[in-house]
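A.B. asks: Sharing a structure with you now.
Please treat every number below as a calculation from the coordinates, not as lab data. Values in this document were obtained by computation on a predicted structure and should not be read as measured data. Note that we place each Cβ from the backbone using ideal geometry, even for glycine, and neighbour counts take in every protein chain shown.
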Amino acid sequence: MNGGSKPGVIDRALRLFADVRAGEGANVVILAVNVFLLLTAYYILKPLRDGLIIGEKGPAFAAYMAAAMAFILIPVIAGYGKLADRYPRRHLINMVTLFFAACCVVFFVAGQTGLRIGIAFYIWIGIFNAMIVAQFWGFANDLYTNDEGERLFPIVQVGGAVGAIVGAAAVGEMIEPLGLYTPMLLAGGLLGASLLLTNWVDERERRRTEGTAAIGSSTAFSPAATGEFRLETGEFKNLREAVLEALERQERGEPAEDGSPGADTGAPEPEGPELEEGSRGAFALVFQTRYLLYIAILVLLLNWVNTNGENLLKFLIAAAAETAVAADATGDLSVGQFTGQFYAGFYFWVNIATLVMQLFLVSRIIKYVGIHVAIMILPIVALGSYALIALYPVLKYVRWAKTAENATDYSLQNTVQQALFLPTTREQKYKAKQVTDSFSKRLGDTLAGLTVFVVVSGLGSNIRYFALLNLLLVIAWLAVAWRIGREYRKLAATGRPPS
């Protein structure tokens, strides 16, 4: 639904990049700034993570930490699901985000007192990145219909791309004068600022789409993981769509779908359709729903491949850092600081490419080839990247191959991956998305950690072995992406959520 009959200045300006309709621009900008703050915070923290863990333990140990993150996520996601069953989405997001902001302060204090926080910080930021981003996109999916999300998500994701650039550039300048701990405070402050925008856009959207809905039917009071309305016709609609339809029927004086009279008959206000009873755990939702399980497998394979590539890069940069420090070619920088600066520059150029793709390519790709085709583009890029690395395993080529892969991942793939949840239920958006985006992601990292152990123990740290393994994994990834594309087209055509 549009917020006005004529497009405003913001709507018209955004049409350069995507199909933005009348009244949609303001909230899209708020969401884009929101994710900008989240990604700026993350990219301030990410090079600090790499510098701390490699400086304290080395690149192989960093890879092994992924296994710990995956196992820790099991109870964390289960606990998050219980919170989503109990609290409305605004309260849920506020609690979780404030917790992560407070952790930034705790790590700063611990680091300043001389404690070795590399391992704990590495695990924490892996959980933080997966959960905070999944939570934001669950919220965004809850605000928009399928058509709206496909059109507007590319613009929202621009904020993330710009935030990643700003964060990487800022921390690159801060590391030498401030060290690896003070920037954590800035990241915590950005998380707090993001909450102001979350609450603002939540209020705006509820006023626009829910109007005078009964308290029990409003997202301001109903739990975030509230099940979908089951209408007597057998149709499934998300909470927002059901409330809008009920209000429109009342305004027209038409009977409700359960046969009760409309609002202008003088009869008591109908209570609305009955909610589905029962609530499944986050993991049960995924394993019992084929579509969600495919997404979980896709995310696992994507991150297994990507983390193998990251580990491959870590081995090369660690060797380069040790050589440079030994040759006194880094000034006063330590191995950890040299590594942190390298990654700040690497992430900066990855994110420049990401922004260009997000602004000028993503919305057009989705519009002209569709989600079902767009989801197969990243594995095709990865296939070419690891073929190149297998042939020329040197730092220069690895860096630019990973730049192409990561830029496509962070722009097109990320946007498409978020859009996959548009046809799902609210419960799936808030609970199952934590499994697919958090647990599956970290499980892929775990398998990459095991890959490091097997390859290094049995074959040495020859990066060609990592590249060849990735070529095999990418083939499986392509097959899963093709199947998800088919399922998505079916769900979008029928209007029914996956079951």
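A.B. asks: Under 17 Å Cα to Cα from Lys431, which lysines show up? Leave out anything in the same chain fewer than 8 places away.
C.D. replies: Lys82, Lys441
A.B. asks: Once the Cβ-Cβ distance between Ile475 and Leu98 is put in as r, and R0 is 45 Å, what FRET efficiency do you end up with, to the nearest 0.05?
C.D. replies: 0.55
A.B. asks: Cross-link candidates for Lys396: which lysines have Cα within less than 21 Å, leaving aside residues fewer than 8 places away along the same chain?
C.D. replies: Lys314
A.B. asks: Expected output is a single nm value to one decimal: the length gained when fully extending between Ala404 and Arg86, i.e. 0.36 nm times separation in residues minus the C-alpha distance. What is it?
C.D. replies: Answer, rounded to one decimal: 110.3 nm.
A.B. asks: Near Lys490, which lysines are there with a Cα under 21 Å away, not counting those fewer than 8 places off in the same chain?
C.D. replies: Cα-Cα hits under 21 Å: Lys237, Lys367, Lys429, Lys433.
A.B. asks: Give me the percent relative contact order of region 352-427, please, defined on Cα pairs under 8 angstrom at least 6 residues apart.
C.D. replies: 47 percent.
A.B. asks: Hey, what do the phi angles of region 109-117 turn into as Karplus ³J(HN,Hα) couplings, whole Hz, using 6.51/-1.76/1.60 and θ = phi - 60°, x for Gly and Pro?
C.D. replies: My calculation for region 109-117 gives 4, 4, x, 5, 7, x, 6, 7, 9 Hz in order.
A.B. asks: Measuring from label point to label point, each 7 Å out along Cα→Cβ, what is the Leu361 to Glu173 span in nm?
C.D. replies: Here the modelled spin labels are 2.8 nm apart.
A.B. asks: In whole Hz, what ³J(HN,Hα) sequence does region 488-499 give by Karplus (6.51, -1.76, 1.60; θ = phi - 60°), x for Gly and Pro?
C.D. replies: Using θ = phi - 60°, the values come out as 4, 4, 5, 5, 5, 6, 8, x, 9, x, x, 9 Hz.
A.B. asks: Using the per-residue mean of other Cβ atoms lying within 10 Å as a proxy for protection, in what order, highest first, do the peptides 124-137, 436-449 fall?
C.D. replies: Averaged packing, sorted descending, gives the order 436-449, 124-137.
A.B. asks: Once phi is turned into ³J(HN,Hα) by the Karplus curve 6.51 cos²θ - 1.76 cosθ + 1.60 with θ = phi - 60°, what whole-Hz value does each residue of region 396-412 show in order, with x for glycine and proline?
C.D. replies: With coefficients 6.51, -1.76 and 1.60, one gets 4, 6, 5, 4, 6, 5, 5, 4, 5, 5, 5, 5, 5, 4, 6, 9, 4 Hz.
A.B. asks: How high is the FRET efficiency between Tyr397 and Lys6 when r is their beta carbon distance and R₀ equals 51 Å, given to the nearest 0.05?
C.D. replies: With R0 = 51 Å, the Cβ-Cβ based efficiency is 0.50.
A.B. asks: Moving on to the next point. At Arg290 and Ala319, where each label point lies 7 Å from the Cα along Cα→Cβ, what is the point-to-point distance in nanometres?
C.D. replies: 4.7 nm
A.B. asks: Once both labels are modelled 7 Å past Cα along the beta-carbon direction, what's the Ala26-Phe71 spacing in nm?
C.D. replies: Distance between label points: 5.1 nm.
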